[in-house]
């Protein structure tokens, strides 16, 4: 233990002297969380909109006000013809166009069904679907208000029956995508930092020749490996504290579950990231090679296939099977479950068990390969 302690002290001294490594350890997680916390969002607001109002009545103006007052749409102007509508969407000046027919108010007064036209720029399918959803809600709300007015003015009038669905949203009542994305960013930052630091730290020893100098000392390979990995595990715990603090107090994402359980399961996840970083160091000769290997063969597949950005359920079935071998998939479920749902180990034990298996296997294989390289 005394030898391991001195190795750990040596590692921290090296990190302190290396400004790039120090920045990567402490400053980089904060910057990544802040930038990704704002950028990684599916909320769409201030959608540019153009209106072709052929009716020009008080009823049509009331409907348009419903769009502009919702906070989701910004009126860019009025079109005088369908050609202007097409040109505005083609130029990107408007994402949504609302076309109101000439018989709009007349049909409403006659208690007839009237139709509107919504034209949406579908080049960005996600934004188009969200914009259509907002527009449909506004039109539905307007339709209900018109029916209510008809009943108030004409109690005996026949208004088409409708069904009102009363909805309740659990765990994220405001439906803020930030509450869903920020916990995922925390997991992503933890993986990137611990794995990158481990791979670069070991490869740097090779480049400088100090690794060979350590091998001629009485230090055993086991002591060397433990002494090399423990500092990065400590840095990982410090990074967890930093990013959790920012997520809670800067982004105001609630942590409804046990923080202690989150730290414990984060430690299991760090086992896999340290193992992956150590493995990358055994197949890389330079720091640049280690960075490229980690980025293209580990980080990118984990980001795209872990459920961080795209729902796993929407992926093709063969790809869904591939996601089961990615540790980040299980940690995403854990961290979002603790943040948003407040669940405990009773609900998360399958994911925790998967992390234990992955951590032990990956770390063991990486250590064996590292020992072989040392030999």
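The values are calculated or read from the model by the stated rules, or taken from the named source; none is laboratory data. These numbers were taken from a predicted model, which means no experiment stands behind them. Here Cβ is always computed from backbone atoms with ideal geometry, including for glycine, and neighbour counts include all displayed protein chains.
Any residue at all in the stretch 278-292 that is under 20 Å from the mean Cα position of the chain (by Cα), assigned to a helix (DSSP H, G or I) and free of Cβ contacts under 8 Å to residues at least 60 places away in the same chain? The answer is no, given that none of the residues of the stretch 278-292 is under 20 Å from the mean Cα position of the chain (by Cα), assigned to a helix (DSSP H, G or I) and free of Cβ contacts under 8 Å to residues at least 60 places away in the same chain. Looking at the stretch 203-217, is at least one residue free of Cβ contacts under 8 Å to residues at least 40 places away in the same chain, within 27 Å of residue 354 (Cβ to Cβ) and either under 21 Å from the mean Cα position of the chain (by Cα) or in a loop (DSSP other than H, G, I, E, B) (or both)? Among the residues of the stretch 203-217, not one is free of Cβ contacts under 8 Å to residues at least 40 places away in the same chain, within 27 Å of residue 354 (Cβ to Cβ) and either under 21 Å from the mean Cα position of the chain (by Cα) or in a loop (DSSP other than H, G, I, E, B) (or both), which makes the answer no.
Only one of the numbered conditions (1) under 30 Å from residue 222 (Cβ atoms); (2) in contact with a helix residue (DSSP H, G or I) (Cβ under 8 Å, 6 or more places away or on another chain) is violated by residue 256, and that is (1). Total residues in the stretch 299-349 satisfying the condition of being without any contact (Cβ under 8 Å) to a residue 12 or more places away in the chain and outside any loop (DSSP other than H, G, I, E, B): the figure is 11. Only one entry of 286, 282, 323 meets the criterion of being assigned by TED's automatic domain parsing to the domain that holds residue 225 and closer than 17 Å to residue 366 by Cβ, and that entry is 282.
Taking the stretch 107-117 as the region of interest, how many residues are surrounded by 14 or more Cβ atoms within 10 Å (Cβ to Cβ) and either touching a helix residue (DSSP H, G or I) at 6+ places or on another chain (Cβ under 7 Å) or more than 14 Å from residue 63 (Cβ to Cβ) (or both)?
From the stretch 107-117, those surrounded by 14 or more Cβ atoms within 10 Å (Cβ to Cβ) are 107-108, 111, 114, 116; that's our starting set.
Checking which are either touching a helix residue (DSSP H, G or I) at 6+ places or on another chain (Cβ under 7 Å) or more than 14 Å from residue 63 (Cβ to Cβ) (or both) leaves us with 108, 111, 114, 116.
Residues flagged as surrounded by 14 or more Cβ atoms within 10 Å (Cβ to Cβ) and either touching a helix residue (DSSP H, G or I) at 6+ places or on another chain (Cβ under 7 Å) or more than 14 Å from residue 63 (Cβ to Cβ) (or both) within the stretch 107-117 amount to 4.
For residue 269, the criteria (1) under 21 Å from residue 322 (Cα atoms); (2) in contact with a helix residue (DSSP H, G or I) (Cβ under 9 Å, 6 or more places away or on another chain); (3) modelled with pLDDT under 90 hold in every case but one, which is (3).
Here is a yes/no grid of residues against (1) crowded, with 19+ Cβ neighbours inside 10 Å; (2) within 30 Å of residue 218 (Cβ to Cβ); (3) over 27 Å from the mean Cα position of the chain (by Cα):
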residue: 332; (1), (2), (3): yes, no, no
residue: 344; (1), (2), (3): no, no, no
residue: 347; (1), (2), (3): no, no, no
residue: 351; (1), (2), (3): yes, no, no
residue: 357; (1), (2), (3): no, no, no
residue: 361; (1), (2), (3): no, no, yes
residue: 365; (1), (2), (3): no, yes, yes
residue: 368; (1), (2), (3): no, yes, yes
residue: 371; (1), (2), (3): no, yes, yes
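Is the stretch 315-330 home to any residue that is within 20 Å of residue 37 (Cβ to Cβ) and surrounded by 13 or more Cβ atoms within 10 Å (Cβ to Cβ)? Checking the stretch 315-330: at least one residue is within 20 Å of residue 37 (Cβ to Cβ) and surrounded by 13 or more Cβ atoms within 10 Å (Cβ to Cβ).
Name the residues in the stretch 81-96 that are surrounded by 11 or more Cβ atoms within 10 Å (Cβ to Cβ), in contact (Cβ under 8 Å) with a residue 24 or more places away in the chain and more than 20 Å from residue 46 (Cβ to Cβ), would you? Let's see the steps before the verdict.
From the stretch 81-96, those surrounded by 11 or more Cβ atoms within 10 Å (Cβ to Cβ) are 82, 84-89, 93-96; that's our starting set.
Checking the rest, the ones that are also in contact (Cβ under 8 Å) with a residue 24 or more places away in the chain come to 82, 84-85, 88-89, 93-96.
If the condition is that a residue be surrounded by 11 or more Cβ atoms within 10 Å (Cβ to Cβ), in contact (Cβ under 8 Å) with a residue 24 or more places away in the chain and more than 20 Å from residue 46 (Cβ to Cβ), then 82, 84 are the ones that fit.
So which of 138, 130, 150 is in a helix (DSSP H, G or I) and modelled with pLDDT under 70? Talk me through it step by step, then tell me what you get.
Values: 138 fails: modelled with pLDDT under 70; 130 fails: modelled with pLDDT under 70.
Selected residue: 150, the only one of 138, 130, 150 that is in a helix (DSSP H, G or I) and modelled with pLDDT under 70.
From the list 231, 254, which residue is touching a residue at least 40 places away in the same chain (Cβ under 8 Å) and part of a loop (DSSP other than H, G, I, E, B)? Even if it seems obvious, please write down each step before you answer.
Values: 231 fails: part of a loop (DSSP other than H, G, I, E, B).
Among 231, 254, only 254 is touching a residue at least 40 places away in the same chain (Cβ under 8 Å) and part of a loop (DSSP other than H, G, I, E, B).
Are any of the residues in the stretch 10-24 in a helix (DSSP H, G or I) and at pLDDT 85 or above? No, because not a single residue in the stretch 10-24 is in a helix (DSSP H, G or I) and at pLDDT 85 or above.
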